Amino acid sequence: MNRQPELSQRDVHQLVLANGDLLADFMDQTNEVLGIRFPDEYLSRGSVYALVDRSGLICGGAIAVFDAPFRSIVSIPKEQIERAHALMGDESECAEINGVWLLSTMRSPFLSFAFWRQLISQLMFTNKQRFIFTFENANDRMKELSVWLKPEILYSGKTAKLEGMKTEGDETIAIVSRESLVTVLEMLDRRGIGKAKPQEQMIIQQIECRSKQAVVSQSHVSITTK
């Protein structure tokens, strides 16, 4: 069972494990925002995190799945799957980040910062060494943000329509190391105490800019949505 990282009293938005009514509400909103109804079997192999404010309003969230098969990999054309598996390495060391979204009506400048810092903190409480995420190729903002994660591209192109989805996709499926996420988390923590390095300011501004956007990924990150 995953531990909950300690949260500062300064956190207006907190990322919590979603169970019961909260889980049902989050999955309903995820379907509204992303157009995907994730199967219960898929959810049973991971954890669902909801980002809530002090009033209990759901402001976003994500799904982390810890056991294969991973939806992003299943969606890859058959002739490309073998290559993707080779780049992934041991599946038991991987997790998939999926169903990521943030509420577009929230205008807090700290929403994206709080979300990513807490999500990465949650992932660090697992024993996974690599994390799979997906973003639509039409999503230029996510392409820009993915650069600072230093991912390895497993596949980019047409992806299959899976259970719970309305259409097929045109996506990039990537994998990022635990070490890269640790680096990003340390950077976000420095920003939180006002000690971000000058070269990190542009990256941080890009991350926080996401608070003005509705969806991080329309398919698996993912860091997704599939």
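Only residues that are closer than 30 Å to Gly56 by Cα and part of a loop (DSSP other than H, G, I, E, B) were counted across the stretch 79-120, and they come to 8. Within the stretch 75-127, the residues that satisfy the criterion of being surrounded by 20 or more Cβ atoms within 10 Å (Cβ to Cβ) and under 24 Å from Ala160 (Cα atoms) are Ser75, Ile76, Cys94, Ala95, Glu96, Ile97, Asn98, Gly99, Val100, Trp101.
Within the stretch 48-57, if we keep just the residues that are surrounded by fewer than 20 Cβ atoms within 10 Å (Cβ to Cβ) and either small (Gly, Ala, Ser) or touching a helix residue (DSSP H, G or I) at 6+ places or on another chain (Cβ under 6 Å) (or both), the residue that is nearest to Val33 (Cα to Cα) turns out to be Gly56. Regarding Ile81, is this residue among the aliphatic types (A, V, I, L, M), closer than 23 Å to Thr159 by Cα and over 15 Å from the mean Cα position of the chain (by Cα)? Yes. Is there any pair linking a residue in the stretch 82-108 that is closer than 17 Å to Thr172 by Cβ and modelled with pLDDT of 95 or more to one that is small (Gly, Ala, Ser) and in a helix (DSSP H, G or I), with Cβ under 7 Å and at least six apart or on different chains, and which? Going by the 7 Å Cβ cut-off, the qualifying pairs are Glu96/Ser72. The condition of being of a type in the set (Val, Ile, Thr) and closer than 17 Å to Val12 by Cβ holds for Thr105.
Say we look at the stretch 166-213 and pick out the residues that are within 28 Å of Ser104 (Cβ to Cβ) and among the hydroxyl-bearing types (Ser, Thr, Tyr); which of these is modelled with the lowest pLDDT? Ranking the candidates gives Ser211 first. If you check Arg54, Arg37, Arg83 for being within 25 Å of Ser177 (Cα to Cα) and among the charged types (D, E, K, R), only one passes: Arg83.
No other residue among Ser104, Ser72 is in contact with a Lys or Arg (Cβ under 7 Å, 6 or more places away or on another chain) and over 23 Å from Met187 (Cβ atoms) apart from Ser72.
Could you say which residue among Ser75, Ser92 is under 18 Å from Arg178 (Cβ atoms) and hydroxyl-bearing (Ser, Thr, Tyr)? On inspection, the qualifying residue turns out to be Ser92. For the stretch 141-167, taking the residues that are loosely packed, with under 14 Cβ neighbours inside 10 Å and of a type in the set (A, V, I, L, M), the one that is nearest to Gly35 (Cα to Cα) is identified as Ile153. Selection within the stretch 40-75: residues that are polar (S, T, N, Q) and part of a loop (DSSP other than H, G, I, E, B). The member of this set that is nearest to Ser92 (Cα to Cα) is Ser44.
The values are calculated or read from the model by the stated rules, or taken from the named source; none is laboratory data. In this text, all values refer to a predicted model and were calculated from it rather than measured experimentally. Because the Cβ atoms are built from the backbone with ideal geometry, glycine has one as well, and the counts that use them run over all protein chains shown.
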